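To start, the structure itself, in structure tokens.
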Amino acid sequence: WSIDESKSLYGIDRWGKGYFDINSDGEVVVNLKDGEETIAVSLEKVIQGLKERGQALPQLLRCRDLLDDRIHQLNRTFRDTMASLDYEGQYRGVYPIKVNQQQQVIEEITELGVHYDYGLEAGSKPELIAALAYMHNPNAYIICNGYKDDEFIDLALLASQTGLQIILVIEMPDELDHIIERSKHLGIDPQLGIRFRLSTKSAGHWADSGGDRSVFGLNSSQVLEVVDTLKAHDKLHCLKLLHYHQGSQIPNIQEIRNAAVEAIRIYVNLVQEGAPMGILDLGGGLAVDYDGSHTDFSSSCNYSLKEYCFNILELVKSHCDQNSIPHPNIVSESGRYVVAYYSVLVFNILAVSEYKNLDAPEPPLDEAHEMLKSLWAVREKIAPNRLLESFNDIQFYRDQIRQSFIQGACGLRDRAYGEKLYWHLCTQIAAESAKLENPHEDLQALQNNLVSYYYGNFSVFQSLPDSWAIDQLFPIMPLHRLNEEPDHPAILSDITCDCDGKIDRFIDEKDVNNSLLLHSLNKEESYHVGTFLVGAYQETLGDLHNLLGDTNVVSIDLEDGELRFTHEVEGDSVADVLSYVEYEPKDLEKRFRKFAEKSVEQGRISPTIRRQLVETYKAGLAGYTYFEEN
Ligand code: PLP
């Protein structure tokens, strides 16, 4: 088994974009910058370093270099494409805070994007408040989307007096009245934008964000009402921007083109109505190729960033030229593109449970239940032309044995023996049917069902909410042993004990796989798995299901060839998560101490046991919410 086979199996060259690779030791590496040099850092070594520092898994690893590169790629590609098309406007992208609101992310984006006048998009009052603390570049835009109350509007208007370019985007028909009223009250002219509700609908998970029936944005008659109201108040000069948002992760370039055409037609008409305009905001939609298939599948995209920029800019330019109007500055709100690669979730596998059973049990004893003997006899039948018949037979006998157990005709030992034998026969039938060119669909289903459950130390609900909520696919693979053949088709189960707490859909270049090949566990070494491209949306959409909290977070970078761990954030403790659901940890401890003391008084436990019990309770409160290895 070669490393190239692992590369092809897990598709790392397809989705890794040169950021992730496998080294000659069979370990996943991330390529980080050390000055001008690029150095491959093994994630296994990172985990080792964290362990030595007492930092437990699961961990979210963040890589500032990857964020830097994505900001650079986005801005450079827009700029270069503009230059190649003689486009006269500028690209002034904004990062939509909702995609990953963590303080470190906003701080790093504002630092790294400063050379490009890269701005921020705030979709709510809290996001605007965060934006104003970090974005102080007068050349960058702060775009305010979302529903706005007076406090939101006042803050934006007053802050614009400092020289910041804050644009209030009208998303709802009645918002304009409020903005005009507050602007008159404060004596400050707003810079305004309109969010247009496209009739163009796109495919993908987030299709409902666009199209006639989307929740936000104004339709064409509402757009004209805004124009007329602004004219009536002599404020049309405030209208600077047209915004639209097709939805996140638009996989098909044709749909991006269709939306851009509709938007530029509206833009041209607004200029013709007498609005100064000057900015076209494309919203989000620029997709990430999670499965590396480069197709219009929902977890992928059939275009490159270069094609995205070229297609949009060419259309905008030609429509503006035809109508003799200046080329607008272009804003995109491409959050997923910028942050998806930034974070990797790494976790350890705690246990495996297998259905596959290669070891034949002993034959049933003479006095065994008749159905067990019949089940055993099916072994003789298993042959390429009788696989479906054999499979039907073993299911019949297995059900008969279960019935007999319920009716009291056989005991638990017979039932357990029957199940073991059943899975052994299933394994044999599946192995034979895998050799057939076109096995019956029941046999194909059997092959898929013979997977192992690998129990990972993480929570789907907390760390990969989109995997659970909308079946989004993420690249997942072992972080080491990639020079060994993985031979266990597996489903990943988390530790929430919820039957939805599992991942059973995995990326594949051509299809979706319902299992992931993993290695058998070694007793002496823990087995590590990484989920990649989780920087967008996953951190704050997560919930506290089963009270499993935030994981530990750490950033990694290089300095003088040495790996550095920075921005360490300890994950939630048990006391933290309990306090989120309104327990008071001190009170919990007090109540438990009292109960333990009563148990001593009533002679149920000794004072020494009481001491151990209270210490264990306190240690539990202070501990990590995930499985802690000794
Ligand atoms: N802008 C708006 C208004 C959004 O609602 C969103 C998210 O859906 C985005 C930008 C981010 O889009 P993307 O995920 O494509 O980066």
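Some observations on this one:
- Of all residues in the stretch 529-553, those satisfying the criterion of being within 16 Å of the ligand (Cβ to nearest atom) and at positive phi are Leu533, Tyr537.
- For the stretch 147-204, the candidate set comprises residues that are within 15 Å of Cys238 (Cα to Cα) and among the acidic types (Asp, Glu); within that set, the residue that is least open to solvent (accessible area, probe 1.4 Å) is Glu175.
- Cross-chain or 6+ apart pairs with Cβ under 9 Å, the stretch 19-32 first and touching a residue at least 60 places away in the same chain (Cβ under 8 Å) and hydroxyl-bearing (Ser, Thr, Tyr), then in a strand (DSSP E or B) and open to solvent by 20 Å² or more (accessible area, probe 1.4 Å): Tyr19/Asn31
- Lone unmet requirement of (1) away from the ligand (no atom under 16 Å from the Cβ); (2) more than 21 Å from Ile142 (Cα to Cα); (3) modelled with pLDDT of 90 or more for Asp212: (3)
- Selection status of Val261, open to solvent by less than 10 Å² (accessible area, probe 1.4 Å) and away from the ligand (no atom under 14 Å from the Cβ): no
- For the stretch 291-410, the helices (runs of 4 or more DSSP H) that sit wholly inside it and include 2 or more residues that are free of Cβ contacts under 8 Å to residues at least 40 places away in the same chain and either open to solvent by less than 50 Å² (accessible area, probe 1.4 Å) or among the hydrophobic types (A, V, I, L, M, F, W, C) (or both) are 370-377, 387-406.
- Residue match in the stretch 571-581 (condition: acidic (Asp, Glu), part of a loop (DSSP other than H, G, I, E, B) and modelled with pLDDT of 95 or more): yes
- Any hit, the stretch 426-442, residues being farther than 19 Å from Asn385 by Cα and either crowded, with 18+ Cβ neighbours inside 10 Å or under 36 Å from the mean Cα position of the chain (by Cα) (or both): no
- Extreme residue, surrounded by the most Cβ atoms within 10 Å (Cβ to Cβ), among residues of the stretch 117-135 that are of a type in the set (D, E, K, R) and not in a loop (DSSP other than H, G, I, E, B): Glu121
- Residue within the stretch 519-537 that is surrounded by 15 or more Cβ atoms within 10 Å (Cβ to Cβ) and over 24 Å from Lys51 (Cα atoms) present: yes
- Residue in the stretch 149-160 that is small (Gly, Ala, Ser) and in contact with a helix residue (DSSP H, G or I) (Cβ under 6 Å, 6 or more places away or on another chain) present: yes
- With respect to the conditions (1) touching a strand residue (DSSP E or B) at 6+ places or on another chain (Cβ under 8 Å); (2) farther than 26 Å from Ser300 by Cα, Asp13 lacks only one, and its number is (2).
- Residues located in the stretch 88-129, provided they are small (Gly, Ala, Ser) and farther than 25 Å from Asp154 by Cα: Gly89, Gly113
- Note on the stretch 1-47: residues that are of a type outside the set (Asp, Glu) and either at pLDDT below 95 or in a loop (DSSP other than H, G, I, E, B) (or both) amount to 11.
- Hits in the stretch 48-63 (condition: modelled with pLDDT under 95, within 24 Å of the chain's Cα centre (by Cα) and not hydrophobic (A, V, I, L, M, F, W, C)): Gln55
- Condition met for Leu60 (buried (at least 23 other Cβ atoms within 10 Å of the Cβ), in a helix (DSSP H, G or I) and touching a residue at least 24 places away in the same chain (Cβ under 8 Å)): no
- Per-region count, the stretch 570-594, residues exposed (fewer than 11 other Cβ atoms within 10 Å of the Cβ) and over 30 Å from Thr551 (Cβ atoms): 1
- Taking each residue of the stretch 541-566 that is loosely packed, with under 15 Cβ neighbours inside 10 Å and looking for partners that are aromatic (Phe, Trp, Tyr) with beta-carbon atoms closer than 6 Å, six or more apart or interchain, yields Asp543/Phe461.
- Those residues of the stretch 269-290 which are over 21 Å from Ile143 (Cβ atoms), open to solvent by less than 30 Å² (accessible area, probe 1.4 Å) and away from the ligand (no atom under 12 Å from the Cβ), in sequence order: Asp289, Tyr290
- Contact map, the stretch 228-256: residues that are assigned to a loop (DSSP other than H, G, I, E, B) and open to solvent by 30 Å² or more (accessible area, probe 1.4 Å) paired with residues that are within 16 Å of the ligand (Cβ to nearest atom) and acidic (Asp, Glu), Cβ distance under 7 Å, separation 6+ or inter-chain. Pairs shown: Asn252/Asp296.
- Qualifying residue in the stretch 93-115 (condition: open to solvent by 10 Å² or more (accessible area, probe 1.4 Å) and in contact with a Leu (Cβ under 6 Å, 6 or more places away or on another chain)): no
- Scanning the stretch 600-623 for residues that are closer than 20 Å to Tyr583 by Cα and among the acidic types (Asp, Glu) gives a single hit, Glu615.
The values are calculated or read from the model by the stated rules, or taken from the named source; none is laboratory data. All of these numbers come straight from a predicted model, not from anything done at the bench. FYI the Cβ positions are ideal-geometry reconstructions off the backbone, even for glycines, and counts take in every protein chain you see. These accessible areas exclude ligands, DNA and RNA; they are computed on the full protein's heavy atoms, side chains included. Shrake-Rupley method; radii C 1.70, N 1.55, O 1.52, S 1.80 Å.
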